[in-house]
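J.: Take a look at this one; I'll ask things after.
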Amino acid sequence: MTNDEMSKLVDTSDEWIQQRTGIKQRHIAAEGELTSDLAVAAAKRALEAAELTIDGIDLVIVATTTPDMTFPATAAVVQQKLGMHHGAAFDLQAVCSGFVYAVATADSQLKNGLGKRALVIGAETSSRILDWTDRTTCVLFGDGAGAMVLELGEDGDRGVLASSLRSDGHHWSKLYTDGGPSSTMSIGHIRMEGKEVFKHAVGNITDVVRDVFDKTGTTVDDLDWFIPHQANKRIIDGAGVKLGIPPEKVVLTVDHHANTSAASVPLALSVAAEDGRIKKGDLVMLEAMGGGFTWGASLIRW
Ligand code: ACO
């Protein structure tokens with residue numbers, strides 16, 4: 001759905017959306033297409049890229065804010081759709097930071113002996129929780145999914161080198177849904193104080209990225225690719241400038257996908273991996289911030 005198409009639904013314009021956010025278009029899941037369907041499509045592509053079948057996976061984590069149902073976890077549905085009877089599966093809810101939280105969680109579970117490989121998926125149908133009459137939110141989000149296989153290797157130099165996760169629940173009312181099973185017995189819609197989110201975003205992102213650099217003894221100069229959460233080009237540019245990351249090292253997909261919440265980081269990763277930008281051995285920094293607030297970063301040797 002392009003910005004022009006969006007402007008037929010609410011009082012907005014391509015110029016306003018592009019200037020404020022960098023978004024040109026977003027994808028909207030088809031009627032009847034569920035978060036688990038998007039997750040499965042991404043999972044199959046990731047398994048193919050890793051030259052694996054589902055038999056080689058011990059853990060499935062789906063980072064999502066838009067599960068198919070209140071329960072079971074969408075990860076369980078994904079397991080069923082992939083024909084997987086073994087291993088463990090659960091959802092992880094950290095809104096837009098969900099994928100980074102899931103990568104850090106999968107990494108620690110593998111290192112703690114849960115298994116050898118994890119399928120980490122970020123998948124969302126945020127279009128289902130948008131108020132399509134609220135121009136301050138509906139223009140910002142899109143649907144999508146991305147996935148990655150993490151493998152516990154002999155070679156400790158590759159994979160997740162370190163992560164940093166943070167949250168501060170005092171800010172939850174700045175970005176939330178006005179509904180849920182235990183409060184309204186409905187799903188609610190996204191509500192956001194955009195300026196407040198913006199105000200916290202750059203500082204929070206730079207703090208966790210610096211923390212990960214410190215933990216690993218690396219610096220911006222060592223970095224090959226910066227894969228930020230794709231919420232808004234102005235937030236990404238602001239963080240890039242504050243961290244001193246050259247724009248050519250920043251992967252940008254917000255123009256094509258808009259904010260796909262937990263799917264945004266793996267979608268950006270998949271675009272840069274599939275077009276050959278990210279190569280084996282590259283140092284890749286993932287970062288995200290979202291509702292809660294939650295925020296986090298993870299440094300990966302590809
Ligand atoms: N089209 C046209 N005009 C609009 C729209 C729209 N879609 N939305 C708001 N406006 C109007 C407002 O009504 C306001 O009009 P007024 O001055 O007559 O009152 C004017 O545009 C300016 O509105 P602001 O809210 O001040 O616009 P701002 O420059 O702050 O940009 C935005 C809004 C893009 C939401 C910005 O605050 C932002 O990017 N915040 C970060 C939010 C974000 O990225 N959230 C994603 C989830 S969290 C995360 O992933 C990090």
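J.: Given (1) crowded, with 16+ Cβ neighbours inside 10 Å; (2) free of Cβ contacts under 8 Å to residues at least 24 places away in the same chain, where does S186 come up short, assuming only one miss?
T.: (1)
J.: Pick from G296, G217, G276: which is within 14 Å of the ligand (Cβ to nearest atom) and not acidic (D, E)? First the steps, then the outcome.
T.: Values: G217 fails: within 14 Å of the ligand (Cβ to nearest atom); G276 fails: within 14 Å of the ligand (Cβ to nearest atom).
It is G296.
J.: Further question: Please pick out the residue among D68, D37, D11 that is in contact with a Ser or Thr (Cβ under 8 Å, 6 or more places away or on another chain) and either at negative phi or away from the ligand (no atom under 16 Å from the Cβ) (or both).
T.: Among D68, D37, D11, only D68 is in contact with a Ser or Thr (Cβ under 8 Å, 6 or more places away or on another chain) and either at negative phi or away from the ligand (no atom under 16 Å from the Cβ) (or both).
J.: If E154 passes every condition in (1) buried (at least 17 other Cβ atoms within 10 Å of the Cβ); (2) without any contact (Cβ under 8 Å) to a residue 24 or more places away in the chain but one, which one does it miss?
T.: Of the numbered conditions (1) buried (at least 17 other Cβ atoms within 10 Å of the Cβ); (2) without any contact (Cβ under 8 Å) to a residue 24 or more places away in the chain, the odd one out for E154 is (1).
J.: If you don't mind, there's one more thing I want to ask. In this structure, does L140 turn out to be of a type outside the set (V, I, T), modelled with pLDDT of 95 or more, within 13 Å of the ligand (Cβ to nearest atom) and assigned by TED's automatic domain parsing to the domain that holds T12? Spell out how you get there, then give the answer.
T.: Numbers: of a type outside the set (V, I, T): yes; modelled with pLDDT of 95 or more: yes; within 13 Å of the ligand (Cβ to nearest atom): yes; assigned by TED's automatic domain parsing to the domain that holds T12: yes.
The answer is yes for L140.
J.: Cβ-Cβ distance below 6 Å, separation of 6 or more or different chains: which pairs start in region 263-277 with a residue that is within 8 Å of G122 (Cβ to Cβ) and end on one that is assigned to a helix (DSSP H, G or I)?
T.: V265/F99; P266/F99; L267/H257
J.: Okay, moving on. So, in region 256-273, exactly how many residues are more than 14 Å from the ligand (Cβ to nearest atom) and not aliphatic (A, V, I, L, M)? Lay out the reasoning, then the answer.
T.: The initial filter retains those residues of region 256-273 that are more than 14 Å from the ligand (Cβ to nearest atom), namely 256, 266, 269-273.
Still in the list and also not aliphatic (A, V, I, L, M): 256, 266, 270.
Qualifying residue count, region 256-273: 3.
J.: Would you confirm whether or not region 161-173 contains a residue that is polar (S, T, N, Q) and either more than 27 Å from G238 (Cα to Cα) or not in a strand (DSSP E or B) (or both)? Don't jump to the end; show me each part of the working.
T.: Residues of region 161-173 polar (S, T, N, Q): 163-164, 167, 173.
Then keep just the ones that are either more than 27 Å from G238 (Cα to Cα) or not in a strand (DSSP E or B) (or both); that gives 173.
Yes, some residue in region 161-173 is polar (S, T, N, Q) and either more than 27 Å from G238 (Cα to Cα) or not in a strand (DSSP E or B) (or both).
J.: For F198, work out the one condition from (1) in contact with a helix residue (DSSP H, G or I) (Cβ under 7 Å, 6 or more places away or on another chain); (2) within 16 Å of the ligand (Cβ to nearest atom); (3) farther than 22 Å from D168 by Cα it doesn't fulfil.
T.: Failed condition: (3).
J.: If you don't mind, there's one more thing I want to ask. Any idea which of (1) part of a strand (DSSP E or B); (2) within 16 Å of the ligand (Cβ to nearest atom); (3) of a type outside the set (D, E); (4) surrounded by fewer than 20 Cβ atoms within 10 Å (Cβ to Cβ) is the one G146 doesn't satisfy?
T.: (4) is the only condition that G146 fails.
J.: Can you name the residue in region 156-195 that is away from the ligand (no atom under 16 Å from the Cβ) and of a type in the set (D, E, K, R) and is also nearest to I129 (Cα to Cα) among such residues?
T.: R158
J.: Could you run through region 234-248 and say how many residues are in contact with a helix residue (DSSP H, G or I) (Cβ under 6 Å, 6 or more places away or on another chain), part of a helix (DSSP H, G or I) and among the hydrophobic types (A, V, I, L, M, F, W, C)?
T.: From region 234-248, those in contact with a helix residue (DSSP H, G or I) (Cβ under 6 Å, 6 or more places away or on another chain) are 235, 238-239, 242-245; that's our starting set.
With part of a helix (DSSP H, G or I) added as a condition, the list becomes 235, 238-239, 242-243.
So of that shortlist, the ones also among the hydrophobic types (A, V, I, L, M, F, W, C) come out as 235, 239, 243.
Of the residues in region 234-248, 3 are in contact with a helix residue (DSSP H, G or I) (Cβ under 6 Å, 6 or more places away or on another chain), part of a helix (DSSP H, G or I) and among the hydrophobic types (A, V, I, L, M, F, W, C).
J.: Something else: Is it fair to say A231 is hydrophobic (A, V, I, L, M, F, W, C), near the ligand (Cβ under 9 Å from one of its atoms), part of a loop (DSSP other than H, G, I, E, B) and under 28 Å from I129 (Cα atoms)? Steps first, please.
T.: Details: hydrophobic (A, V, I, L, M, F, W, C): yes; near the ligand (Cβ under 9 Å from one of its atoms): yes; part of a loop (DSSP other than H, G, I, E, B): yes; under 28 Å from I129 (Cα atoms): yes.
Yes.
J.: State whether the residues of region 197-219 include one that is of a type in the set (S, T, N, Q), in contact (Cβ under 8 Å) with a residue 40 or more places away in the chain, surrounded by fewer than 18 Cβ atoms within 10 Å (Cβ to Cβ) and not assigned by TED's automatic domain parsing to the domain that holds W132. Quick ask: steps written out before the conclusion?
T.: Going residue by residue through region 197-219, those that are of a type in the set (S, T, N, Q) are 204, 206, 216, 218-219.
Adding the requirement that they be in contact (Cβ under 8 Å) with a residue 40 or more places away in the chain leaves 204, 216, 218.
Restricting the remaining residues to those that are surrounded by fewer than 18 Cβ atoms within 10 Å (Cβ to Cβ) gives 216, 218.
Still in the running and not assigned by TED's automatic domain parsing to the domain that holds W132: 216, 218.
Looking through region 197-219, at least one residue is of a type in the set (S, T, N, Q), in contact (Cβ under 8 Å) with a residue 40 or more places away in the chain, surrounded by fewer than 18 Cβ atoms within 10 Å (Cβ to Cβ) and not assigned by TED's automatic domain parsing to the domain that holds W132.
The values are calculated or read from the model by the stated rules, or taken from the named source; none is laboratory data. All values derive from a computational prediction rather than experimental measurement. Here Cβ is always computed from backbone atoms with ideal geometry, including for glycine, and neighbour counts include all displayed protein chains.
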